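To keep things clear, I will list the structure first and then write my remarks on it.
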Amino acid sequence: METVKDYGSRDYYESLLLTMIEPLKGRFSPGKARLELGAETAGYGSRVAGMEGFSRLLWGMVPYWAGGGKDMSLLPVFLAGLANGTDPGSPEYWGDLHHKDQRMVEMAAIGYGLLLIPEKLWEPLTEQSRTHLADWLGQINLYSLAENNWQYFNVITNLALKHVGRPYSIERLEEAMAKYESFYLGNGWYSDGLRPQKDYYISFAIHFYCLLYAKLMGDEDPDRSELFKTRAREFAGSFLYWFDDEGKALPFGRSMTYRFAQSAFWSMCALLELEVLPLGVLKGLIGRHMEQWFRQPIFDNGGVLSIGYAYPNLNISEGYNASGSPYWAFKTFALLALPADHAFWKAEIQPLPRLEERKAIPECDMLITRRGFDVTALTAGQYPVLQLTHAAEKYAKFAYSTRFGFSCPRSYCQLHEAAPDSMLAFQVHNMIYVRRACLEFSVTETEVYSRWSPVEGIEVETWLIPTEKGHIRRHTVTSQLECTAYDCGFAYPDRMEETCSHSSQGAAEVADANGRSSAASDTGKGIVITSAPNTNLIFPTAKIPAVEYRIPKGTISIETRIEAEFADVQIRIGSGSGYEICNQ
């Protein structure tokens with residue numbers, strides 16, 4: 001993908017956006033109300049998926065036009081789509097809503113447009129089309145929304161209706177704001193609803209929407225707006241630890257296919273001129289993040305942003321990911337609403353400040369360690385109440401790394417298909433069981449503790465202790481049955497003949513010229529697991545070093561030393577069978 005190379009310039013971001021938009025222009029439905037990108041779909045069906053694709057492009061095009069973008073080629077398309085999608089008499093009508101409807105999610109992007117550029121997306125519509133659009137958006141006040149970040153869709157939609165002079169519900173708006181307040185944990189952190197889930201929805205959803213509210217309502221509601229900005233400043237201080245020096249963000253939690261939405265919070269901070277970081281540091285953080293993403297093969301051969309992470313991969317997707325879903329990433333283009341002469345575009349790019357090598361963030365149940373081009377989070381306690389796809393793998397591993405990612409299973413029937421990197425995996429009755437929920441846990445500046453049970457009859461206490469090159473895992477296993485357990489290290493890219501694997505009585509290692517991943521113990525047997533293809537988010541083929549332990553009936557203590565390192569070079573991940581070094 002050819003783009004402007006100076007990621008400090010406005011041209012860079014405009015070029016990225018317009019280059020990604022170009023392959024989509026011929027994929028709109030005849031009435032322009034749906035964007036039809038692929039055969040795969042989500043639980044809400046293909047009609048809503050097409051509407052989702054249409055609306056998610058607005059997360060990029062709205063700030064582009066608001067900031068003075070000159071390319072108007074898609075404006076007639078969106079005007080036609082808004083008219084036809086909300087007209088009950090049109091064959092492309094988006095349909096009436098129901099409780100917890102995916103279309104409520106997509107209303108937020110339309111509301112974004114009506115709030116920031118009504119002169120482009122509202123005023124040119126006929127009076128009848130305006131009425132249809134307002135009536136369709138107003139349906140959100142008739143139905144319930146999920147008790148999580150969705151609540152803000154009520155806020156944005158009602159603010160948009162108010163902004164264009166149409167009926168809205170102040171009661172539903174305030175009710176949603178009160179629910180958001182109930183999610184607040186302290187130190188700038190929220191949970192995504194009352195469930196104990198703290199992932200990227202805190203940054204690219206909750207804080208993003210709160211800051212949008214502060215931008216729009218600063219004069220009318222100054223106290224609440226200032227509160228949201230204060231919390232964003234507090235959040236920024238610890239959320240910064242999720243990003244490494246190269247710009248990579250920590251792969252953790254659900255919705256990894258939204259990719260560079262990981263930096264949407266920082267982009268919204270730039271738009272609000274919020275001093276969460278020095279301007280040059282903020283600019284560098286966003287720019288490096290975007291630059292490293294666009295070194296990856298994240299597009300299909302038609303130029304469409306694929307479902308996946310570092311490469312196209314349906315295995316890691318959620319049940320709500322359709323072909324247009326990845327364009328949620330366009331939220332990071334919020335900074336394009338800054339005018340061309342803004343100080344942000346003139347600031348000199350700066351590196352991250354010197355950060356602590358270890359930092360406990362109890363609000364998200366993590367102990368984070370930093371080593372330049374790698375950030376690793378040792379975790380406990382992160383378990384969504386809802387059973388999301390691969391929830392254990394996305395929230396419950398012992399460690400998550402910006403360099404090595406994490407793996408999701410193809411099945412739990414065989415070890416290589418389970419691909420249990422960064423887990424203590426038990427093989428019981430020919431099935432693989434891993435940590436899913438904690439009975440108790442704690443996080444301090446020096447260790448992470450958890451007590452958990454992978455399967456009935458086995459209980460484990462685990463201590464994770466960071467070291468200079470990795471971490472130590474100490475487990476006390478109490479079991480009512482004999483079985484085998486595998487303490488697995490980080491997945492490492494398998495470049496076939498260029499990758500060396502070694503195992504011995506007490507250790508296993510996978511290595512090449514640029515780094516290594518190892519697991520070692522004074523007891524147990526070292527093995528190397530060749531994981532099934534496309535299980536790791538970053539490397540299409542990978543090997544996992546592990547130590548195999550025989551677990552007897554009764555209580556046993558085991559200890560595993562986990563290490564991993566990679567050359568401090570910029571890389572193209574997800575390429576071919578592993579990665580390739582890029583010129584800096």
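Quick notes on this one:
- Simple spin-label estimate for residue 530 and residue 481 gives 3.0 nm between the two label positions (7 Å along the Cα-to-Cβ direction from each Cα).
- For residue 100 and residue 178, a Förster radius of 22 Å and the Cβ-Cβ distance give a FRET efficiency of 0.70, rounded to the nearest 0.05.
- Ranking 285, 132, 391 by Cα position along the charge dipole of the chain, where only Lys, Arg, Asp and Glu carry charges on their C-beta atoms, puts 391 farthest toward the positive end.
- Furthest towards positive pole of dipole, 276, 308, 344, structure part the range 215-345, Cβ charges: 308
- Normalised by the number of residues in the range 262-338, the mean separation of alpha-carbon contacts (under 8 Å, six or more apart) gives a relative contact order of 40 percent.
- Computed FRET value (nearest 0.05) for residue 417 with residue 127, which takes r as the C-beta separation and R₀ as 60 Å: 0.55
- Remark: the chain carries a charge dipole of roughly 360 debye about the Cα centre, counting +1 on each Lys and Arg Cβ and -1 on each Asp and Glu Cβ.
- Protection proxy ranking of 432-443, 189-200, 166-177 - average other beta-carbon atoms within 10 Å, highest first: 189-200, 432-443, 166-177
- Pairs with C-alpha atoms separated by more than 23 Å, drawn from the list 248/394; 525/553; 32/100, are 32/100.
- Computed label-point distance, nm, for sites residue 300 and residue 6 using a 7 Å Cα→Cβ extension: 3.6 nm
- Percentage relative contact order, the chain, counting C-alpha pairs under 8 Å, at least six apart: 12 percent
- Alpha carbon centroid spacing (whole Å) that separates the range 503-571 from the range 331-351: 42 Å
- Counting 0.36 nm for each residue step from residue 233 to residue 469 and taking away their Cα separation leaves a gain of 81.8 nm.
- Inter-site label distance for residue 498 and residue 221 at 7 Å from Cα along Cβ, in nm: 5.3 nm
- Between the alpha-carbon centres of the range 188-267 and the range 365-416 there is a gap of 20 Å.
- Fully extended contour minus Cα-Cα distance, from residue 144 to residue 194, at 0.36 nm per residue: 16.4 nm
- Neighbour-limited loop hits for chymotrypsin sites (Phe, Trp or Tyr not before Pro), the range 306-349 (at most 16 other Cβ within 10 Å; DSSP other than H, G, I, E, B): none
- Normalised by the number of residues in the range 432-582, the mean separation of alpha-carbon contacts (under 8 Å, six or more apart) gives a relative contact order of 23 percent.
- Full extension of the chain segment joining residue 135 with residue 90 gains 14.7 nm, where the gain is 0.36 nm per residue of separation less the Cα-Cα distance.
- Positive-end residue, the range 6-72 charge dipole about Cα centroid, Cβ charges, pick of 35, 23, 65: 35
- The chain, accessible surface, carbon-and-sulfur percent (1.4 angstrom probe): 49 percent
- Reach of residue 70 by Cα under 17 Å, taken over lysines that are not fewer than 8 positions away in the same chain: 25, 120
The values are calculated or read from the model by the stated rules, or taken from the named source; none is laboratory data. None of these values were measured; they are calculated from a predicted model. Using ideal geometry, Cβ is built from the backbone for each residue, glycine included, and neighbour counts are taken over all protein chains shown. Calculation scope for accessible area: heavy atoms of the full protein, side chains included, ligands and nucleic acids excluded. Shrake-Rupley method; radii C 1.70, N 1.55, O 1.52, S 1.80 Å.
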